Structure formats: C-alpha cells, structure tokens
Amino acid sequence: MNFVLSYSLYDKNKTSRKYWHSFRQHSHTYVTKYLQWNKKKRTTILILCCTPQVMVNGLPGKMSSEVLKVVLERGLDVVPYSLTAESQPDLLFRLQQINHCPNITLLKPSQRDSEIKKIVRDYPRLIAVDYTHPDAVNSNALFYQTYQIPFVMGTTGGDREQLIQSTLQSNTYAVIAPNMGKQIVALQTMLDKMAQSFPHLFQNYRLQVTESHQQNKADTSGTAKEIIQSFIKMGAHFDVNTNLRMIRSPKEQQEELKIPTEYLSGHAFHTYRLTSPDNSVEIAFQHNVLGRNIYAQGTVDAVVFLWNKIQHKESKKLYNMMDVLME
Ligand SMILES: NC(=O)C1=CN([C@@H]2O[C@H](COP(=O)(O)OP(=O)(O)OC[C@H]3O[C@@H](n4cnc5c(N)ncnc54)[C@H](OP(=O)(O)O)[C@@H]3O)[C@@H](O)[C@H]2O)C=CC1
Ligand SMILES: O=C(O)C1=N[C@H](C(=O)O)C[C@H](O)C1
C-alpha cells in the first residue's frame with residue numbers, strides 16, 4: 001500500500017521536505033515517508049507509506065506465526081514485539097522461512113506494561129492482532145483498551161460478554177471474531193439471517209454438533225458456540241452435555257475423519273446435524289478446514305479493514321468479521 005505522492009523535479013532535499021511538511025499538516029492520516037533519489041533522472045521521489053504497523057501477539061504460537069507470515073507476504077509493516085506467555089523461555093522469535101522477517105522481541109505479561117508506552121510512541125500506526133490463549137483473552141483486551149491500541153481479537157474463549165462490553169466502554173477500535181475464515185463467516189452470516197427470517201424453521205429439531213481440532217486446543221470451538229446460537233434461535237433443541245461431541249484424539253481423527261497426518265496438529269472440522277422430532281428429516285451443515293491459512297488471510301483483511309475505519313475516524317468502533325466480509 002505504498003504510493004508515490006509526487007515527483008519533485010527540484011532540489012533533492014528542500015522541495016521534497018516542503019511537500020512532506022505540507023502533506024503532514026493537511027493529512028489526517030498517519031504517514032511515514034522515504035525519499036528515493038534517482039541519479040539518472042536527477043529526481044527525488046517522495047514515497048508515502050500509509051500502512052498499519054502490525055503487532056502479532058501470541059508468538060511463537062501456531063496462529064500468530066501464520067498471521068505473521070501473511071502480514072509479511074502482503075507487505076505490511078511488522079512491529080518487532082509480541083506479547084507472549086509468562087512461561088516462554090525464549091526472548092526472540094523469527095520466522096526462518098521468510099528472509100525479511102525481523103527478530104521479534106517476546107514480551108511476557110510481567111514485562112509488557114513497562115515497554116508498551118515506548119512501542120506506542122515508536123509505532124504510531126500500531127494495530128495489535130491477538131492469537132493467544134482463552135485464559136488471556138480478557139486481560140489482553142484490557143491491555144489494548146488501556147493503551148488505546150486498536151486490536152483484532154482472534155483468540156477464542158474467555159468471558160465474551162465482558163470482552164464486548166469493555167471494548168465498547170473503552171471506545172477502542174476492534175474486530176472481534178472466533179472465526180476469521182471468510183467463507184465460514186459467510187456461512188455464519190447466512191445462518192444468522194435465516195434465524196432472523198425463519199425463527200421457527202427447526203422447531204423441536206434435535207441439534208447434534210461434532211467438532212474436531214488438534215489435541216492441544218484449550219477450549220470448545222468458539223465458532224461452534226456461535227453457530228449453535230443461530231440454530232437455537234430457529235427453535236432447535238441443544239444440550240451441551242449430550243449433543244456436543246468434541247474430538248481431540250488423533251487416532252479417532254485419522255480413522256474416523258480421515259484427517260491427513262500432517263494436519264493432526266492443525267485442523268478444524270465441524271458438522272451440525274438437525275433431525276426432525278419423528279426422525280424423518282435430517283439436515284446437515286459442515287465446514288472442514290485443514291491448516292490455518294484461511295484464518296490468517298481473513299485476519300490480515302480485518303487489520304486493513306480496521307485501519308481504514310481508523311483513517312476515516314468512523315464513530316462505530318467495534319466490528320466483527322461479518323462487517324469485514326460485507327465491506
Ligand atoms: N479467530 C480465528 O479465526 C481462529 C482462532 N483461533 C484461536 O486462536 C487461539 C490460539 O490458537 P493457536 O495459535 O492454535 O494456539 P497455540 O497454543 O499454538 O498458540 C497460543 C500462543 O499464545 C501463548 N500465550 C499463552 N498465554 C499468553 C498470554 N497471556 N499472552 C500472550 N501469549 C500467550 C502460548 O504460549 P504457551 O504455549 O507457552 O502457553 C502460545 O505460544 C485459540 O483461542 C484458538 O481457538 C485459532 C484459529 C483461528
Ligand atoms: O483453535 C483452533 O484451531 C480454531 N479455533 C477457532 C474456534 O475455536 O472456533 C476457529 C477454528 O475452529 C480453529
């Protein structure tokens with residue numbers, strides 16, 4: 001998203017600086033600059049970079065690593081700091097497979113308050129992305145809210161109502177969603193609309209949900225929790241103790257769901273099955289994902305979306321992925 005604002009055919013330094021100062025004075029956006037002196041044409045090109053600076057939190061976790069990769073692939077700026085767990089033994093993180101990946105300093109909860117003011121000062125276009133742990137959702141959100149750091153919250157779990165309320169009260173720009181995969185968000189949107197249009201569609205139907213994820217997933221699928229609410233709004237019966245099957249055993253995943261070995265450490269298979277009271281009708285919805293790229297792509301779209309909202313000083317500050325998709 002770099003763009004050339006002007007070509008100055010005059011003096012290498014003075015005119016370009018004048019352009020720069022005048023642009024800064026009249027611009028409501030955060031911009032940085034760099035000047036390129038083209039020797040052959042004796043021209044100075046003033047290039048303005050107008051991109052967010054992305055702080056990917058949760059490194060060296062799986063989702064945050066995938067997001068970092070996509071941020072770098074899409075040419076956005078990376079903030080070389082990341083919030084990490086208190087137990088993290090490493091001080092630095094770097095994606096080996098990407099040459100231009102910077103060394104990223106890992107900040108534990110006990111260190112982050114003393115560092116963040118400097119980070120906010122040095123990176124005025126900062127947007128945080130959070131892929132951490134269900135236990136950290138609310139405290140991390142509070143951290144972003146306290147320092148007025150716009151954030152994209154991909155982490156599931158925690159107290160979701162409190163998450164929404166504290167974000168609204170703090171007036172911080174944010175996108176919050178348990179699933180950033182746009183094709184899945186489209187399905188969610190459709191079911192949400194179905195619930196609004198046909199509130200009795202599945203009256204007295206039984207809902208049975210199966211969700212399979214990597215063995216170390218800390219919580220129940222946040223996506224399933226949201227989608228279940230849409231079916232309940234349409235009248236379906238659902239009891240979390242008897243109608244939800246969570247599969248975390250790699251053996252079952254391989255034998256029953258045929259998950260390829262390389263995706264046992266990262267997959268998300270969901271099936272929602274609705275059965276009529278007399279068992280004569282069965283309707284199923286399914287979304288099966290191998291790997292994590294779909295969420296990382298959606299996350300970076302959410303960052304760009306939020307950045308545009310900030311630039312336009314939108315009065316609405318809290319969004320979900322349906323808003324990102326609609327736009
Ligand atoms: N919205 C979406 O589209 C998606 C959401 N998710 C969600 O993202 C979250 C992370 O998933 P995933 O990357 O697979 O999990 P990982 O366990 O691979 O990564 C989480 C990382 O966060 C670290 N961490 C723990 N506590 C903190 C803390 N207080 N502050 C900062 N970092 C911390 C963990 O460290 P340690 O291991 O040492 O505890 C770990 O490195 C989950 O909630 C998951 O459900 C996942 C995929 C898509
Ligand atoms: O932990 C994961 O992997 C995933 N978490 C999200 C959730 O809990 O819904 C999204 C997706 O299922 C992958």
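Since every read-out is calculated from the coordinates, none of them should be taken as a lab result. Please read all numbers here as calculations on a predicted model, not as lab measurements. All Cβ positions, glycine included, derive from the backbone under ideal geometry; neighbour counts span all protein chains shown.
Quote the charge dipole size of the range 51-197 about the Cα centre in Debye, to the nearest 20; the model charges only the Cβ of Lys and Arg (+1) and of Asp and Glu (-1).
The dipole of the range 51-197 has a size of about 320 debye.
Binned at 20 Å from 0, what are the whole-percent values of the Cα-Cα distance distribution for the chain, short to long?
P(r) for the chain, in whole percents per bin: 27, 51, 18, 3, 0.
Give the shape of the range 153-250 as rounded, prolate or oblate, defined through the alpha-carbon gyration tensor: a ≥ b ≥ c are the square roots of its eigenvalues, a/c under 1.5 means rounded, and otherwise the shape is prolate if a/b is larger than b/c and oblate if not.
oblate
Take the Cα atoms of the range 54-108, find their three principal axes, and give me the spread along each one in whole Å, biggest first.
31, 18, 16
Which listed residue (Cys101, Ser249, Thr223) has the Cα farthest towards the positive end of the charge dipole for the chain, taking +1 on Lys and Arg C-beta and -1 on Asp and Glu C-beta about the Cα centre?
My answer, from the dipole projection, is Cys101.
At a Förster distance of 25 Å, what's the computed FRET efficiency of Ser114 paired with Gln162, Cβ-Cβ distance as r, to 0.05? Walk me through the numbers before you get to the answer.
Working: r = 26 Å, r/R0 = 1.03.
Efficiency, from the Cβ-Cβ distance: 0.45.
So if I restrict to the alpha-carbon atoms in the range 110-160, what is the Rg, and what is Dmax, the biggest pairwise distance, in Å?
My reading of the Cα-based Rg and Dmax gives 11.1, 32 Å.
Write down the radius of gyration of the range 190-327 and its Dmax, each obtained from C-alpha positions, in Å.
For the range 190-327, the Cα radius of gyration and maximum Cα-Cα distance read 17.6, 55 Å.
Given Cβ point charges of +1 (Lys, Arg) and -1 (Asp, Glu) and nothing else, what value in debye, to the nearest 20, does the dipole of the chain about its Cα centre take? Don't skip to the answer; put the middle values down first.
Details: 37 positive and 28 negative charges, 430 e Å.
Charge dipole, the chain, about its Cα centre: 2060 debye, nearest 20.
Distance check, please: which entries in Lys225/Lys316; Lys69/Lys313; Lys182/Lys225; Lys182/Lys233; Lys193/Lys233; Lys193/Lys225 exceed 21 angstrom between their Cα atoms?
Details: Lys225/Lys316 25 Å; Lys69/Lys313 29 Å; Lys182/Lys225 17 Å; Lys182/Lys233 23 Å; Lys193/Lys233 11 Å; Lys193/Lys225 17 Å.
Violating the 21 Å Cα-Cα cut-off are Lys225/Lys316; Lys69/Lys313; Lys182/Lys233.
Select from Gly157, Ile119, Pro199 the residue farthest towards the positive end of the dipole of the chain; place +1 on Cβ of Lys and Arg, -1 on Cβ of Asp and Glu, and compute about the Cα centre.
Projecting each Cα onto the dipole axis, the largest value belongs to Ile119.
Provide the packing ranking of 252-263, 133-144, i.e. peptides ordered by the mean count of other C-beta atoms within 10 Å per residue, highest first.
In decreasing order of mean packing, 252-263, 133-144 become 133-144, 252-263.
Measure of size requested: the Rg and Dmax of the range 237-292, with Cα atoms as the atom set and Å as the unit; please supply both.
Using the Cα atoms of the range 237-292, the pair Rg, Dmax is 13.6, 41 Å.
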